[in-house]
Each structure stands twice: as C-alpha cells, then as structure tokens.
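What follows is a set of notes on a single structure, which appears directly below.
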Amino acid sequence: MIRYSRVIGTGGYLPAEVRTNDQISQTVDTSDSWIYERTGIKSRRIAGPDESAASMAEIAARQAIDAAQINPEEIDLIIVATGTPDRIYPSTGCLLQQRLGIKNTVAFDVQAACSGSIFALSIADQYIKSGAVRTVLVVGSEICSRIVDWTDRSTCILFGDGAGAILLRASEETGVLSTHIHSDGEYEDLLYCPNPQVAIDANKHEAGYISMRGNEVFKVAVNTLGRIVDETLEANNMDKADIDWLVPHQANIRIIIATAKKLKMSMDQVVVTLENQGNTSSASVLIAFNEAVRDGRIQRGQVVLLEAFGAGFTWGSALIKY
Ligand code: ACO
C-alpha cells in the first residue's frame, strides 16, 4: 500500500494594516509606477505591535484545523517555517504548540528563508510516508516588516507580513506526489539578514536588516526555478500539460511570469497574490495555496505545483494532487 500525505485543511492570515506604494513613496525616493512595473506589487500588509510570527501562525493554523474538522490533539508534528521567529528559542513551533494547547506533539522550526514552507512540506511528507507520524501541521509565518530597513528603497518595497497553514494526513488516496529541495551556501552575500546580537565580528554590531543585491538574485532565481520545474516533471513522468495550477513564491511578478512561460501555462492557471501582499517570504506559497483552495480555483483531483526560491540560496518544489 502506498502511503501519501493528503491535504486535509488549509488556512491563512494577513494583518489588517495596508501599506501602499504611495505611502512608501512619501518616505523614500520611489514611486507607485516604478514599484508596480518592476515587481507587480501595489501594497503589502503590516503586522500590528501586538502581533508576532506565533500569533499569526495560530490564526492560520486554527483555520486549517477547522477546515479539516479535526481535534488539535490529533496533530503529531508541527513544523513552522519562519525567518522572523518571536524568539531565537523556544522555536515558533513550540510557541504555536503552546497556543494550540496541545501536549503530545513534536514541534520545531525550519529556517530556509523564502523556501521555508516548501522545505517544511518536504520534511512533513517524508515523516508521513515513512509511517512515523499520521498528521502534520505545516505553517509559514513572517513579520518581514520588522527586518526591513524602511530607508532602503531597494528592499522595503518588496516585503509584507502574513501566515499560511496546511494540514497533511496519511492516506491511501493521492496527495503529495513528490518534493524537491536544494541549497547552495555560496551566495550568502547576495541576500542575507544579519543577527544583530551575534555579529560575525563580536565588536561590530550590524543592524538586523535584509540586505539584497536584487538584480543578481533575480537572475539566479529565474534560472533555478526553471530547472526545478523540469526536475519535478521528470521525477513524476509528467508533462507540462499535466499541471493544472502553479502556486509560486510571490517575490516578483516578472519571476512568476518567466516560470509560467517555461511551463507554457497561461497566467489564468497561476495563483498570484503579491499585488496586495508583497513578498511574505516563507508564508507566501501557503497563503496563495489557501486562497485558491478557498475561492474554489483549486479543485480536488487537480495537480498543483508549488515552488519557491530564497536566501541561502535555497529552492524547492512540491507537486500535489489535491
Ligand atoms: N524606486 C526607484 N528606483 C529604485 C528603487 C525603487 N524602489 N530600487 C532600486 N532603484 C534603482 C536602483 O538604485 C538602480 O538605479 P541606478 O541604475 O541609478 O543604480 C535602478 O533602480 C535599477 O536597480 P536594479 O536593482 O537593477 O533594479 P531591478 O530591475 O533589478 O529591480 C528588484 C529591483 C525589484 C529588487 C528586483 O531585482 C527583484 O525583484 N529581485 C529579486 C528579489 C527576490 O526574488 N528575492 C528572493 C526572495 S527574497 C528572500 O528569500 C528573503
């Protein structure tokens, strides 16, 4: 009997505050038209002072639990992907476990920048397929607004806050068909966020803000995502035409269009949320997946390709028969 990880519920959360391109243009030298043309972003959500990665993760997780109609006690494993944890430790996974009030569960975080939720999905799938666990909660939750330098016009325009969740359960029915994850630590300098309290040089305290050479990151991202699409299709003996939906990481509309072109997919088959959300890092793929499930675009039985690229570099994909 083949054991699959089947999606039994999804959830998502976006904070209430909207920050538009026009608002950003009042503090740095940029414009709505520059940002929209280069990125496809018009506005992003900003978490309130009382919100955190764990508090947003809880809202998205509870939605997924309600959708799946399960008791939280049935969750065997919680994996939270985040680059903006509430605390260095305990993990946001443990904080989420506390908030959900469940005891007999293992919980930990995955740090793979924007690819975090794909890495978390991959780990969840291996644990379920091996028979070690039955039910896994995967959450991506990020407060990017607090690691963005709001005086740096090349990065502050890109990011937003939010959380997405997915519940997977062991099943004989198809679910996750395959996952593919990769890392290449050679590119640290192109995209990083220092830990200000643990500077590499103990005497040099760096600000804890995202630093990115956007143009170079852009080129590597387009190439790499093209390759991961081929790898995923080959591993499943599938053709481009077999994919019903592409749910890409929401970094830049031009990267998304390039990947859709590679798949010969019309943009009608691509789930795009970045216009009003920006790049929510590890949360973006799960937020987009949740939205398309809830509004009825993604239907049971359809084949969905999730992919992401982020700092590390890290990149990966998950092919799911929903
Ligand atoms: N408004 C106006 N001008 C700007 C802005 C801005 N907000 N930002 C940069 N510029 C200027 C630059 O200073 C530069 O000016 P110069 O030519 O006088 O030096 C010019 O615009 C061109 O800059 P580029 O960086 O070459 O612009 P590009 O077209 O590459 O767009 C962008 C920049 C949007 C950041 C793009 O490179 C990008 O989206 N990169 C990929 C981001 C990404 O995918 N990251 C990975 C995931 S993130 C993660 O894992 C945390």
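The values are calculated or read from the model by the stated rules, or taken from the named source; none is laboratory data. This one's a predicted model, so the numbers in the text were calculated from it and none came from an experiment. In this analysis, Cβ positions are derived from the backbone assuming ideal geometry, glycine residues included, and neighbour counts consider all displayed protein chains. We work out accessible area using only protein heavy atoms, side chains counted, and drop any ligands, DNA or RNA first. Shrake-Rupley method; radii C 1.70, N 1.55, O 1.52, S 1.80 Å.
List of remarks:
- Taking all protein chains together, GLU58, GLU73, GLU37 sort by accessible area into GLU37, GLU73, GLU58, largest first [probe 1.4 Å].
- Among the helices of the chain, those built from whole DSSP H runs whose Cα atoms reach 24 Å or more along their own axis and whose mean Kyte-Doolittle hydropathy is at least -1.0 are 214-235.
- Summary of packing: across the peptides 4-15, 202-213, 160-171, the per-residue average of other C-beta atoms within 10 Å ranks them, highest first, as 160-171, 4-15, 202-213.
- Scoring 177-187, 233-243 by mean Cβ neighbours within 10 Å over their residues and listing the highest first yields 177-187, 233-243.
- Taking every alpha-carbon pair in segment 177-321 and binning the separations at 10 Å intervals from zero gives 11, 39, 31, 13, 5, 1 percent.
- For segment 163-218, alpha-carbon Rg over 2.2 N^0.38 Å: 1.83
- Kirkwood estimate for segment 4-173, i.e. one over the average of 1/r between Cα atoms, Å: 16.7 Å
- Helical runs assigned H by DSSP (4 residues or longer) give the chain a calculated mean residue ellipticity at 222 nm of -9500 deg cm²/dmol, each run adding -39500 (n - 2.57) before division by the residue total.
- 16 Å cut-off, amide nitrogen to a point 7 angstrom out along ILE2 Cα→Cβ, residues in segment 295-322: 301-304, 319-322
- Note on the chain: with neighbouring protein chains present and a 1.4 Å probe, carbon and sulfur make up 47 percent of its accessible heavy-atom surface.
- Antiparallel bridge percentage (DSSP; both residues within segment 229-322; nearest 5): 60 percent
- Added length on full extension, which subtracts the Cα-Cα distance from 0.36 nm per residue, LYS129 to ALA16: 36.9 nm
- Of all DSSP beta bridges in segment 4-173, antiparallel share, percent nearest 5: 70 percent
- Segment 195-201 - phi-based ³J(HN,Hα) in whole Hz, Karplus 6.51/-1.76/1.60, Gly and Pro as x: 8, x, 7, 10, 5, 4, 9
- Placing a label point 7 Å from the Cα of GLN69 along the Cα-to-Cβ direction, the residues of segment 116-142 with a backbone N closer than 20 Å are 135-137.
- Distant-in-sequence amide H partners of VAL110 (H built 1.01 Å from N, under 5 Å): VAL80, ALA81, THR82
- Shape box of segment 30-114 [Cα atoms, principal axes, largest first, Å]: 51, 31, 25
- In plain terms, the chain from ASN237 to SER183 could stretch by 17.0 nm, reckoned as 0.36 nm per residue minus the Cα-Cα distance.
- What the pair-distance distribution of segment 176-256 shows, using all Cα-Cα distances binned every 5 Å from zero, is 3, 11, 17, 18, 15, 12, 10, 6, 4, 3, 1, 0 percent.
- Label zone of ARG294 (point 7 Å out along Cα→Cβ, amide N under 20 Å): in segment 99-137 this covers 100, 117-118, 137.
- Shape box of the chain [Cα atoms, principal axes, largest first, Å]: 58, 46, 36
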